[in-house]
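The values are calculated or read from the model by the stated rules, or taken from the named source; none is laboratory data. For clarity, every value in this text was computed on a predicted model and none was experimentally measured. Heads up, the Cβs are rebuilt from the backbone with ideal geometry, glycines too, and the neighbour counts pull from every protein chain shown. Calculation scope for accessible area: heavy atoms of the full protein, side chains included, ligands and nucleic acids excluded. Shrake-Rupley method; radii C 1.70, N 1.55, O 1.52, S 1.80 Å.
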Amino acid sequence: MFARHRILILESSPLVTQCLEDLFAVQCKIMASQGNEDILALVASFKPDAIIIGVDNSHWDSFELCTQLR
């Protein structure tokens, strides 16, 4: 058996989050956040292979978050 990829979804819309989870959940381990947690701590603990970041979110500046994650 192979290790499943980890995807972190950072999206404020529950509908979009659910669609992405449905799309990827079969082949990947998914964690989702709508922005209430400390995102950098969440990334450090979950160690995702990929992060999907919603651009329109009141909890964080998506472009600044990308810079911090780099």
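Dipole of the chain computed with +1 at Lys/Arg Cβ and -1 at Asp/Glu Cβ about the Cα centre; of 3, 60, 31, farthest Cα towards the positive end is 3. Candidate values (1) 0.96; (2) 0.91; (3) 1.37 were compared with Rg/Rh (Cα atoms, Kirkwood Rh) computed on the shown model; the agreeing label is (1). Surface composition of the chain: carbon and sulfur make up 57 percent of the accessible area, probe 1.4 Å. Here the relative contact order of the chain, from alpha carbon pairs under 8 Å that lie six or more residues apart, stands at 40 percent. In order along the range 4-16, the Karplus-derived 3J(HN,Hα) couplings, from 6.51 cos²θ - 1.76 cosθ + 1.60 at θ = phi - 60°, round to 7, 5, 10, 10, 9, 10, 10, 8, 7, 8, x, 5, 5 Hz, and Gly and Pro are given as x.
When you filter the chymotrypsin sites (Phe, Trp or Tyr not before Pro) in the chain for DSSP loop state and at most 11 other Cβ atoms inside 10 Å of their Cβ, you are left with 2. Rounded to the nearest 20, the Cβ-based charge dipole of the chain about its Cα centre (Lys and Arg +1, Asp and Glu -1) stands at 380 debye.
Taking every protein chain into account, the accessible area of the chain amounts to 70 square angstrom per residue (probe 1.4 Å).
Can you say what percent of the DSSP beta bridges in the chain, counting only those with both residues inside, are antiparallel? Round to 5. Beta bridges within the chain, antiparallel portion: roughly 0 percent.
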